[in-house]
1. Counting only residues that are under 19 Å from the mean Cα position of the chain (by Cα) and assigned to a loop (DSSP other than H, G, I, E, B), which one in segment 360-381 is farthest from Pro302 (Cα to Cα)?
2. Just one of (1) surrounded by 23 or more Cβ atoms within 10 Å (Cβ to Cβ); (2) among the hydroxyl-bearing types (Ser, Thr, Tyr); (3) more than 20 Å from the chain's Cα centre (by Cα); (4) closer than 17 Å to Leu331 by Cβ trips up Tyr267, so point out which.
3. Please specify each residue of segment 270-302 satisfying the condition of being aromatic (Phe, Trp, Tyr) and open to solvent by less than 20 Å² (accessible area, probe 1.4 Å).
4. Which numbered condition trips up Lys26, out of (1) at pLDDT 95 or above; (2) open to solvent by 20 Å² or more (accessible area, probe 1.4 Å); (3) of a type outside the set (Gly, Ala, Ser)?
5. Being under 19 Å from the mean Cα position of the chain (by Cα), in a helix (DSSP H, G or I) and hydroxyl-bearing (Ser, Thr, Tyr) is the filter here; which residues of segment 338-359 pass it?
6. How do the helices (runs of 4 or more DSSP H) wholly within segment 131-209 filter down when requiring 3 or more residues that are open to solvent by less than 20 Å² (accessible area, probe 1.4 Å) and within 21 Å of Ala283 (Cβ to Cβ): which remain?
7. Residue by residue through segment 294-334, note down the ones that are farther than 21 Å from Ile386 by Cα, small (Gly, Ala, Ser) and either at pLDDT below 95 or assigned to a helix (DSSP H, G or I) (or both).
8. Name, by its number, the condition in (1) closer than 25 Å to Gln248 by Cβ; (2) buried (at least 22 other Cβ atoms within 10 Å of the Cβ); (3) out of contact with any Cys (no Cβ under 7 Å at 6 or more places or on another chain) that does not hold for Tyr342.
Amino acid sequence: MKKDYLFLFLILFVGCTSPSPHGKIKDDLVRDNLAFAVQQLQFAFEAIDEAHKINGTTPEERPSPRNIEPDGSLRLVRARDWTSGFFPGNLWYMYELTGDDYWKTAAMKHTGYLESLKGYKGTHDLGFMMYCSYGNGLRLSGVEGYQDILLETAESLISRFNPVVGCIRSWDHNSDKWQFPVIIDNMMNLELLFWASKVSGDPRYRDIAVTHANTTMQNHFRPDYSSFHVVDYDTAGDGKAIQFHTHQGYSHESAWSRGQAWGLYGYTLCYRETGDKKYLDQAEGIANFILSHPNLPEDKVPYWDFDAPDIPNAPRDVSAGTITASALYELSTMSAEKGGYYREMADRIIESVSKKYRAGLHEQHGFLTISSTGHLPAGSEINVPIIYGDYYFIESLVRRERLASGAPVVPEVR
C-alpha cells in the first residue's frame, strides 16, 4: 500500500467512514485499535521481508511470524509450526473490520502458504493452523477451493482419534514419558470438526468432537474447574487416564493460565455447536475460576500461572488474557444470569491490553501486543510478543464490534 493511500485511508477511517461487512465501526476502542493495526501490520510486512533477507529464507520456507527472540530478532516459523495460521488469520480479521481488499489480497497470499498442511497427520493443531486461516477466509470471501481444503484437513485431524481412549492424540514426542498425551489446547481444534460435519453431512467429525470434549471434561478438570495441561492415557490397556501433568505451568497441580483460557474457549464453542447445557455449565465454571481467582490482577490480565510463586512479580501472559476475553464475549450471549458480567470482564481485559500491553507504533517487528509467555519452565518465549496473543486480541475486537453492532458474535462459516 503506498504511503499516500495509507494516509487517506487513515483519515477516512478515523472519521468513521470506513466500511465493514456489518456497517461502520461503532465502538471507539475498536476504532482506535484498528487505526493502530493498519499501520502496525504494514510495518510487520516490512519486518518479515527483512527477516527473510537476514536469514536467507523465503516465505514458502518460513511463512509466519511467531515471536520475538531474546536477542530482539523476529522469529519466523515453517508451515508445520502450530502457530502458522495465526498471522493469516489476523489479516482476514483486518479485512473483516475494514472491508479493504488490500487485506483480503494479503490474507489470501499468506493463507496459501499453508495449503500443504491439509494432508498432514502429524499434529493435532490443524484447527489452529487451518481454521484460523482458511476458515476465516472461507467465511469472509468464499474463495473457491477453501472448503475442500478444510474438509481434507478435518479428515487428517480425525486420523489421530483413538476410540478406546475417546480422544484425539496431541503430541507424538516424548514417547518415553507419555503413551497417549492429550493437552487442554486440543479443545480449540474441535471447531473445525463441528464445521466439517455441518458442511459435509458426515456425522463422524461431530461425533469425534463430542467424544473428545466429553473425555476431556471427565479427566482434565479438578473440582474447582481448573485444569491440568496434559492427561496421558493407557493405550496398552483400557484407555484410562493414567497421568496428570501441567507441562508448561509452575507445577502439575497449578493452574497454568493459558490452559484455563483454552478450556473456557473450547467449552464455550462446544455449547454453541451442540446446545448441550453441560458444556455451558463447564464454561461458566471455568469462567468463575478465572474471574474470581485471588491472584487475578486488577487489570484482569493473568500472570503466566495462577499459582506462580513470585506473584506479583511473575511475568504476565497477555495471550491468556486475550483468549479469555474472546471467549467471554461469546459466553456473554449465552448466559442469561451472568451475560452482562462476562461482557464487562471481557471489556476490562481488552481495555487493559489496549492501554498497557499494546506495542509501540512501528516497534516490536509489527506485533500488536507485548508481554505474552509461552513456556516459562523451558525458558522459552517469556514476556515477549507472541502471534496468538495478537490473533485473539483482534478476534476480541471483532467480537466486541459485533456486539456493538447487534450482529452475531460468531458468524457461521459455510
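The values are calculated or read from the model by the stated rules, or taken from the named source; none is laboratory data. Keep in mind the model is a prediction, meaning the values are calculated, not measured. Here Cβ is always computed from backbone atoms with ideal geometry, including for glycine, and neighbour counts include all displayed protein chains. SASA here: full protein model, heavy atoms, side chains in, ligands and nucleic acids out. Shrake-Rupley method; radii C 1.70, N 1.55, O 1.52, S 1.80 Å.
1. Going through the qualifying residues, I end up with Phe367.
2. Every condition holds for Tyr267 apart from (3).
3. Tyr279
4. Going through the list (1) at pLDDT 95 or above; (2) open to solvent by 20 Å² or more (accessible area, probe 1.4 Å); (3) of a type outside the set (Gly, Ala, Ser), Lys26 breaks only (1).
5. Result: Tyr342, Ser352, Ser354.
6. Numbers: elements: 136-141, 146-158, 190-200.
Once the helices (runs of 4 or more DSSP H) in segment 131-209 are filtered for at least 3 residues that are open to solvent by less than 20 Å² (accessible area, probe 1.4 Å) and within 21 Å of Ala283 (Cβ to Cβ), what remains is 190-200.
7. Selection gives nothing.
8. (1)
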